[in-house]
Every structure is written in C-alpha cells, then in structure tokens.
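Peer 1: Below is one structure. I have some questions about it.
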Amino acid sequence: MARPKRKVQIEHEPIVGVFAARLREVRLSRGLTQADLAHRAVVTPTYIAKLEGARVAPGIDLVARLAKALGTSISDLLPEAETQDPLPLLKEQAQKLTETMKAADRDTLLMLVPLLTRLLESPTRRR
C-alpha cells in the first residue's frame, strides 16, 4: 500500500505577508467578514483565512477579484517595493560636485556661490 504524500511547506517571499496584512486591513475597514469577502470574490472563507494568514500566495487574477470585491484598486492591495535610502547616493553625488567645484573657473564660481547661498538660506530647507 502506498504511503500518502506529505505536504511540502512553501516559504513565501515577505511580500506575501505584507499583502496578507493589507488584505485584512482593507477588509476590516469595509466592515466585511471573511465570509462576506469570500462570497464577493467567489472563493471560500477558508481560502480568505489562508490568504490573510500568509499561508498561500494569490495569483494576479485573484488579486484583481479581491480588489474589485473590496471596492479598491489592485495597487492598494499590493504594497510598493521598498525603496532604498537615497542618502548614500546623494552624499556621493555631493562629493563629486564638490571636487568639480574645486576645479571650476572664476565665472562658474561667480554663478554658483550666490545660488548655493540662496539654497542654504531657503526657508524650506531642513535643519
């Protein structure tokens, strides 16, 4: 007699957990139960529970149905990718500009110094 196959636990990417939390957040903000959302999206309440528990990852067609059932957009359910901190790149660019200004001629410096001074004095500048 053949042995039953074991279910293999799939490790999902972190975005699945973020999606799960967002799905639950939007559902609750609409005052819907898991059963309500399941009915509207034509899935089972058990599957909604698995989605919200990050135990399954939805296909794009289901994300579209969930968004429609919740009266929101797909992009509202899918979090944006993490953006890198721009500070290291900005510092590198500033360093290059500083080096370039050291070699600048008189006319260029006469134009840049007042401009940079005004930027430093700007009321919108963070201190």
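The values are calculated or read from the model by the stated rules, or taken from the named source; none is laboratory data. Keep in mind it's a predicted model, so treat the numbers as computed, not measured. Here the Cβ positions follow ideal geometry from the backbone for every residue, glycine too, while neighbour counts run over all protein chains shown.
Peer 1: For the subset of the stretch 1-41 comprising residues that are acidic (Asp, Glu) and at pLDDT below 95, which member is surrounded by the most Cβ atoms within 10 Å (Cβ to Cβ)?
Peer 2: Applying the filter and picking the extreme gives GLU25.
Peer 1: Here's something else I'd like to know. Mind checking which residues of the stretch 74-127 are under 30 Å from PHE19 (Cα atoms), modelled with pLDDT of 80 or more and not in a helix (DSSP H, G or I)?
Peer 2: The one that is under 30 Å from PHE19 (Cα atoms), modelled with pLDDT of 80 or more and not in a helix (DSSP H, G or I): LEU78.
Peer 1: Here's a check for you: in the stretch 22-62, which residue that is within 16 Å of HIS12 (Cα to Cα) and β-branched (Val, Ile, Thr) is nearest to the chain's Cα centre (by Cα)?
Peer 2: Going through the qualifying residues, I end up with ILE60.
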